[in-house]
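Scroll down for the structure; my scribbles are underneath it.
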């Protein structure tokens with residue numbers, strides 16, 4: 001065992017550095033220092049610092065030193081004043097400090113403490129994107145620009161324009177993204193640069209400037225909007241295909257709730273569940289917009305009480321086609337499977353087509369009024385024929401499946417004169433029938449743990465040699481394979497008289513050999 | 001009634017859920033032990049039971065019921081149990097004058113009719129009495145089993161309609177329960193049976209599926225039971241939607257255990 005190396009002596013503070021310059025700190029060296037030494041070092045440092053004026057901020061371990069210094073002494077008072085507009089003693093919190101650090105126009109905390117924010121407001125507050133790149137959010141009521149001129153659009157950092165935001169730190173926040181910049185760190189860097197440069201000028205009126213939400217937030221909220229709205233956007237027939245394991249009635253009810261909240265009247269042809277069960281979970285203002293045509297209680301008129309809709313399910317369906325109520329309307333068929341089992345497929349498809357293209361029949365309807373037909377279909381009950389027919393009638397087709405307790409919807413959009421597009425979305429339906437998007441199924445834990453034994457290199461401890469020496473490698477490389485037709489071989493064959501004789505076989509037949517050229521196997525005794 | 005199955009389903013005879021359709025299906029094995037369980041369970045829970053038994057005779061169910069602690073004879077005598085013995089009464093269809101409707105009237109019809117007479121029989125049997133006092137807790141319809149109706153010539157849509165009407169009347173109107181057994185044909189492609197099974201699956205609240213083991217027969221483990229809750233009663237309850245257990249049928253009991261945890265193996 002080698003003797004332990006001698007312990008290093010306590011490092012002298014200024015041994016390695018010339019006097020007057022800031023000594024470098026290394027993390028490891030902080031350990032063996034003791035308090036007394038720190039004090040000794042501190043006074044030495046303070047003496048040194050007063051002399052040098054580097055702009056670079058010193059790292060940790062020196063906060064204690066600066067407490068006695070005036071603010072901004074570490075970077076030169078002039079520069080500091082220009083950036084921060086002066087600030088109090090270096091403290092965290094404190095009302096006076098907050099006010100001093102705040103915007104000069106409002107009393108809010110300056111943005112420079114927080115580099116980025118995330119929008120926490122619901123998406124209904126978003127204004128449609130205008131031509132200017134920033135959208136105002138209600139949490140921010142003061143946006144100030146620092147710069148020589150006020151740019152109509154924020155370019156990607158060129159020019160002296162800069163941005164300083166004041167926002168309420170408690171109540172939600174916003175994320176600023178400059179156009180053309182996606183990388184968050186770049187955004188932060190830009191903001192830092194932007195804050196440093198320039199002077200304070202007056203901001204234009206608030207309505208003109210907008211702050212866009214960050215990419216991630218915008219994507220998330222847009223997804224929520226898109227999921228239900230895009231399912232309803234195309235109009236026509238929306239087909240929900242579910243299975244026994246992944247039921248689709250809750251998604252149907254979520255779509256009905258969305259339509260009802262948009263002000264449409266919803267007619268429901270209910271064949272599979274009773275009216276009370278269907279209306280369960282909806283609150284009263286949605287329930288007032290739902291008209292339930294009951295085909296559940298007595299669809300085939302077995303009880304003969306006369307309560308049923310005359311004509312059976314077909315008449316009920318046709319009655320929906322003939323309604324004269326103006327305005328946008330949503331018709332929900334729960335379920336198409338029941339109708340398909342009781343009506344001939346062709347009749348059903350013709351009626352569905354009439355139903356979903358109703359607005360084109362009526363001449364006075366405005367193009368904004370669409371008829372949405374939502375159909376719930378249990379795909380295991382039908383063969384490929386009826387499924388294919390209904391699928392081709394549908395403008396939007398949602399197939400429900402899932403994995404590991406998480407439901408997913410595979411949506412196929414058939415926009416007119418465009419290629420059909422697919423989208424897969426993981427979601428869950430909340431008890432009040434609003435949709436919540438999920439990222440995906442939780443990752444399954446590995447069934448087998450990673451091998452604890454690290455794989456050994458099999459080429460160690462061999463009884464034979466796998467490696468080549470240099471000479472062997474050269475010999476191997478220079479070897480010509482016997483059947484490879486290289487140029488040397490070609491020369492050798494073409495010029496046989498260069499000393500290499502082709503081989504001959506000399507055969508002397510003896511007495512017992514009976515060579516017959518025509519039958520070489522003549523000597524075999526077969 | 002098997003106490004272990006009650007634990008798995010989280011029910012006791014004292015507090016049964018009402019207004020539910022339970023679908024029992026079996027594939028590659030015999031799921032009739034589930035029928036015996038539910039029969040004795042609802043009799044012990046003091047419910048009025050209408051049992052449409054198309055497969056076995058009354059004495060068969062009686063013998064098994066006695067092992068599980070209920071007496072079908074007493075229940076039938078005091079009016080708690082209305083028993084339609086399909087095997088015996090099927091013959092009566094042909095020897096009865098045609099004007100009187102019979103629950104199994106469809107046997108007489110040439111083309112596949114509907115099951116309206118059967119529905120009317122059930123309606124008559126489970127109708128709440130007008131006496132005012134609730135003698136029994138809730139009406140229960142038990143059918144063993146529906147696949148044999150397909151074999152007898154009834155269409156799958158007709159059977160689905162029958163269950164639809166039973167659900168509308170028994171479950172929704174009278175807040176009772178319906179339990180039905182359907183055999184799963186498995187590999188043998190029976191389209192009508194698949195339509196019936198899947199259609200009922202979409203309508204039901206609870207699906208109990210008894211399957212044979214994938215690896216074949218075994219002395220100690222008789223099969224596997226999959227429990228699927230489709231429509232939870234409380235929307236906020238986030239309970240397990242699907243559970244799988246293996247079971248072994250003993251003389252008077254069925255023991256359930258988690259997959260691979262059979263006492264014979266451990």
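Please tell me if residue A:313 is out of contact with any strand residue (DSSP E or B) (no Cβ under 9 Å at 6 or more places or on another chain) and either more than 20 Å from residue A:355 (Cα to Cα) or within 14 Å of chain B (Cβ to nearest Cβ) (or both). It would help to see each step written out before you state the result.
Numbers: out of contact with any strand residue (DSSP E or B) (no Cβ under 9 Å at 6 or more places or on another chain): no; either more than 20 Å from residue A:355 (Cα to Cα) or within 14 Å of chain B (Cβ to nearest Cβ) (or both): yes.
In short, no.
Table: residues versus (1) in contact with a helix residue (DSSP H, G or I) (Cβ under 8 Å, 6 or more places away or on another chain); (2) at pLDDT 90 or above.
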{"site": "A:381", "(1), (2)": "yes, yes"}
{"site": "A:404", "(1), (2)": "no, no"}
{"site": "A:413", "(1), (2)": "yes, no"}
{"site": "A:443", "(1), (2)": "no, no"}
{"site": "A:453", "(1), (2)": "no, no"}
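Tell me which residues, restricted to the range B:194-230, are surrounded by fewer than 17 Cβ atoms within 10 Å (Cβ to Cβ) and farther than 25 Å from residue B:259 by Cα.
B:194
Identify the residue in the range A:278-293 that is in contact with a strand residue (DSSP E or B) (Cβ under 8 Å, 6 or more places away or on another chain) and crowded, with 17+ Cβ neighbours inside 10 Å and, among all such residues, is farthest from the other protein chains (Cβ to nearest Cβ).
Once the filter is applied, the top-ranked residue is A:289.
Residue under question is residue A:275, and the condition is that it be at pLDDT 85 or above and under 43 Å from the mean Cα position of the chain (by Cα); does it hold?
yes
Out of the residues in the range B:11-29 that are touching a residue at least 12 places away in the same chain (Cβ under 8 Å) and part of a strand (DSSP E or B), state the one that is farthest from the chain's Cα centre (by Cα).
Across the range B:11-29, the extreme among qualifying residues is B:27.
Regarding residue B:113, is this residue at positive phi, in contact with a helix residue (DSSP H, G or I) (Cβ under 9 Å, 6 or more places away or on another chain) and either in a helix (DSSP H, G or I) or surrounded by fewer than 20 Cβ atoms within 10 Å (Cβ to Cβ) (or both)?
Against the criterion (at positive phi, in contact with a helix residue (DSSP H, G or I) (Cβ under 9 Å, 6 or more places away or on another chain) and either in a helix (DSSP H, G or I) or surrounded by fewer than 20 Cβ atoms within 10 Å (Cβ to Cβ) (or both)), residue B:113 does not qualify.
Considering only residues that are more than 9 Å from every other protein chain (Cβ to nearest Cβ), surrounded by fewer than 22 Cβ atoms within 10 Å (Cβ to Cβ) and touching a helix residue (DSSP H, G or I) at 6+ places or on another chain (Cβ under 8 Å), which ones fall in the range B:159-182?
Answer for the range B:159-182, where residues must be more than 9 Å from every other protein chain (Cβ to nearest Cβ), surrounded by fewer than 22 Cβ atoms within 10 Å (Cβ to Cβ) and touching a helix residue (DSSP H, G or I) at 6+ places or on another chain (Cβ under 8 Å): just B:174.
Looking at the structure I just gave you, is residue B:142 within 14 Å of chain A (Cβ to nearest Cβ), more than 13 Å from residue B:174 (Cα to Cα) and touching a helix residue (DSSP H, G or I) at 6+ places or on another chain (Cβ under 9 Å)?
no
Criterion first (more than 14 Å from chain A (Cβ to nearest Cβ), at pLDDT 90 or above and not in a helix (DSSP H, G or I)) does residue B:82 satisfy it?
yes
If I ask for residues that are closer than 12 Å to residue B:155 by Cα and away from chain A (no Cβ under 11 Å), which ones from the range B:193-210 would you list?
The one that is closer than 12 Å to residue B:155 by Cα and away from chain A (no Cβ under 11 Å): B:193.
Counting just the residues of the range A:374-411 that are part of a helix (DSSP H, G or I) and within 14 Å of another protein chain (Cβ to nearest Cβ), which one comes out farthest from residue A:244 (Cα to Cα)? Break it down stepwise before answering.
To start, the set of residues in the range A:374-411 that are part of a helix (DSSP H, G or I) comprises A:379-381, A:384-393.
Imposing the further condition that a residue be within 14 Å of another protein chain (Cβ to nearest Cβ) reduces the set to A:379-381, A:384-387.
Numbers: A:379: 9, A:380: 8, A:381: 10, A:384: 18, A:385: 20, A:386: 19, A:387: 16 Å.
In this case the residue turns out to be A:385.
Would you call residue A:511 in a loop (DSSP other than H, G, I, E, B) and either touching a helix residue (DSSP H, G or I) at 6+ places or on another chain (Cβ under 8 Å) or at pLDDT below 80 (or both)?
Against the criterion (in a loop (DSSP other than H, G, I, E, B) and either touching a helix residue (DSSP H, G or I) at 6+ places or on another chain (Cβ under 8 Å) or at pLDDT below 80 (or both)), residue A:511 qualifies.
I'd like the full set of residues that are buried (at least 20 other Cβ atoms within 10 Å of the Cβ) and part of a loop (DSSP other than H, G, I, E, B), limited to the range B:30-46.
B:31, B:45
Quick check on residue B:91: is it more than 14 Å from chain A (Cβ to nearest Cβ), touching a residue at least 12 places away in the same chain (Cβ under 8 Å) and either over 18 Å from residue B:143 (Cβ atoms) or assigned to a helix (DSSP H, G or I) (or both)?
Taking the combined requirement at face value, the residue does not satisfy it.
The values are calculated or read from the model by the stated rules, or taken from the named source; none is laboratory data. None of these values were measured; they are calculated from a predicted model. Here the Cβ is made from the backbone with ideal geometry for all residues, glycine too, and neighbour counts use every protein chain on show.
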